[in-house]
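A short reminder: the numbers here are calculations on the coordinates, not readings from a lab. What you see is a predicted model, and the numbers here were worked out from it, not measured in a lab. In this analysis, Cβ positions are derived from the backbone assuming ideal geometry, glycine residues included, and neighbour counts consider all displayed protein chains.
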Amino acid sequence: MSTHGHRSDAQLSALREKFLACPRTDFSGVRGIISASWRRALEHDVATDEPDPIFVADRDEESLLVRSATPILENLSTELVGHPVAVLLTDADGLVVRRSSADRALHAGLDRISLAPGYSYAEESIGTNGIGTTLECQEPVLVSGFEHFNSRLADFECAGTPIYHPVRGHLVGALDLTSWAGTPGPLLLTLARRTAKQIEDAILEGLGTRELALFREYLSSCQRGSGAIFAVNEDVVMVNSHAQDLYDAADRAALITHSADVAGCRERATVLADLPSGLVARLEYRPVYSGTLLAGGVFRVKNHTPSPRSPGIPDLPLPGVVGASPAWRQACSAADTSYRGGSWLILSGEPGTGKTALARAVARRHAPSCHLVELDCAEIDDVEAWTEALAEHVADETSPVVVLRHADAIGAQDVQHLTDLFTSWQAAPPEQAPSWVAVTLSDEPDDPDSVGLLMPFFAHTVEVPPLRHRTEDLQRLVPHLLARHARCRDLVASDACLRQLMRLPWTGNVRQLERVLAEVSRRHRSGPIAVTDLPAECRTVTRRQLTHMESIERDAIVQSLAANHGNKEHAAADLGMSRATIYRKIRSFGIVCGS
Ligand SMILES: Nc1ncnc2c1ncn2[C@@H]1O[C@H](COP(=O)(O)OP(=O)(O)OP(=O)(O)O)[C@@H](O)[C@H]1O
């Protein structure tokens, strides 16, 4: 806790002037917490003489914090009648959401400095003060007289205390008691701390009532039906035994992540969820109320597609590829079986899923020293000449493995050159033919007729699943791909970063993930990677398909937030939009601002 020093106002005022004239001087006469805050205020370019805090029209007056704090603050204000002390409550961004003071002169004084509901008293808005500095330092702070960065605040004594969420532990706001300068600050600070504690207790009690309502609804849903049920709000998750039996841990985690898509909705809704196992589940959501307050939601889960899960598939040691999801293991196992049985293989799937990487890995596992001929059919100009060159190449090697990418890029009119070659290989003695042939096809082939002509040569087709159907693979892919691109070994994704990556749809599959991680490792050389280090395309969680214009706008907001170190007002100002608009868009695009 930081308390008042023993400097007189005149001394402090002189030191403040000196600091403003030459900020680099060592300010031993000022408390460290204050001089550090003055420096931040200078960096934020805050006005030194005219208070001009940011005004936000759409403050949240229905939040759990405001509802829990209101009766406590009303009591405190009654106790303080006759004393010139104002009681202020702010959100975690320093936005004043409530103010009460029975003292008319103090009331008018606070109006003159815009210390009133709707104004932001964050440090970046007004500089050193009992609210912003408390939030910045996350500890109780007393700011007296000329310790305020803005000289017009020097008439006041402000005692701020942070308020934390009693369950999740994050900062939810600040309580500030403000009086005229000269009031015994430590007393104000003690009272502020005691009141903040009472507010945290009230939040906990409110949560209890809410959770009870959710629990009752969850129990009655479980009694009414026999399927998988779970109930969630920001603090609790309840899962019935059917859900535990039907879904493994990774699928359950994915179901809970998907529930966030509708959490907070006041109407019933249905969402489809791609699960790591390859299942697609249907989540039917019903909001639950505690009185008029939303207490959370109950979800009834149904399978939307038949289960492709097959437990007990071994985790094969395939060089160069990683993944542990049942869907990926199944693809690996099928490709491996095809090689061992000597039958040629088609690998099909969305671009970038790892079809070629898988074929290469199977060949390396079984024939590490065998020559690998890997060619891309999308790059062929003259199919006939190319096929002849391939035939010669294979004849020159001893039973090489042949992997042909994008075989569907060869049109039906030319594919016969290739099918003739395949026919000759299949008729040739083993030493004159490839030991194994694998081709990759797109999930939406360029020319279905040419695919039809290729099919008879291949005994197996393996569907390589898209990454969004096996997000648990990211737990292995992320470190593997980081090691491939990072210069420094200790570059790792933080837990929050990994969770964020697992929530994304990855339309470009593993190739997109690899590009993202390569980009991150160019900018970030070592240490943990935070959510804020990710590029714009990875900082949103919306599952709604954005229009082209929306994605441009989303990327611009994310870039502006990054350039302004997460400061929403500055980001909005740079983009020429109001703070209310940027808040709305951050919510609507599901932009994750980082912690
Ligand atoms: N399971 C995996 N483990 C490690 N790296 C992988 C894995 N899957 C894919 N990759 C990497 O992702 C990139 C794309 O993979 P690959 O080229 O095999 O995709 P593809 O499905 O053949 O794509 P396309 O059809 O678009 O050619 C490659 O750099 C590959 O090494």
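Things to note:
- Amide H partners (placed H, <5 Å) of Y164, local residues excluded: V172
- Dipole magnitude (debye, nearest 20) for the chain, charges at Cβ of Lys, Arg, Asp, Glu: 2020
- Taking trypsin sites (Lys or Arg not before Pro) in DSSP loop states with no more than 13 other Cβ atoms inside 10 Å as exposed sites, the chain has its longest site-free stretch at 269-486.
- Residues with amide H under 5 Å from that of Y121, placed H, sequence gap 5 or more: L95, V96
- Relative contact order of the stretch 326-465, taken over Cα pairs closer than 8 Å and 6 or more residues apart, is 40 percent.
- Selected from A378, Y339, L418, residue furthest toward positive end of dipole (the stretch 326-465; charges at beta carbon): Y339
- Cβ-placed point charges (K, R +1; D, E -1), dipole of the stretch 326-465 about Cα centre in debye, nearest 20: 1040
- Close amide H partners of A295, meaning residues 5 or more places away or on another chain with modelled amide H under 5 Å apart, are V288, Y289, S290.
- Karplus-derived 3J(HN,Hα) values for the stretch 398-404, using 6.51 cos²θ - 1.76 cosθ + 1.60 with θ = phi - 60°, are 8, 6, x, 9, 10, 10, 10 Hz; glycine and proline are entered as x.
- Computed from label points 7 Å out along Cα-Cβ, the spacing between R522 and Q432 is 5.0 nm.
- Which of G169, P186, S114, positive extreme of dipole for the chain (C-beta unit charges): P186
- Helix 355-366 axis, angle to the chain major axis (alpha carbon atoms, nearest 10°): 60
- For the chain, the relative contact order works out to 9 percent when only alpha carbon pairs closer than 8 Å and six or more residues apart are counted.
- Backbone HN-Hα couplings from phi across the stretch 284-295 [Karplus 6.51/-1.76/1.60, Hz, Gly and Pro as x]: 9, 9, 10, x, 10, 10, 10, x, 9, 8, 6, 9
- Take the Cα of M455, go 7 Å toward its beta carbon, and the backbone nitrogen atoms of the stretch 327-368 under 15 Å from that spot belong to 346-348.
- Between the residues L135, V531, T70, the greatest Cα displacement towards the positive end of the dipole of the chain, with unit charges on the Cβ of Lys, Arg, Asp and Glu, is found for T70.
- For the stretch 75-88, 3J(HN,Hα) computed residue by residue from phi via the Karplus equation (6.51, -1.76, 1.60; θ = phi - 60°) reads 4, 4, 4, 5, 5, 8, 4, x, 10, x, 10, 9, 10, 10 Hz, glycine and proline entered as x.
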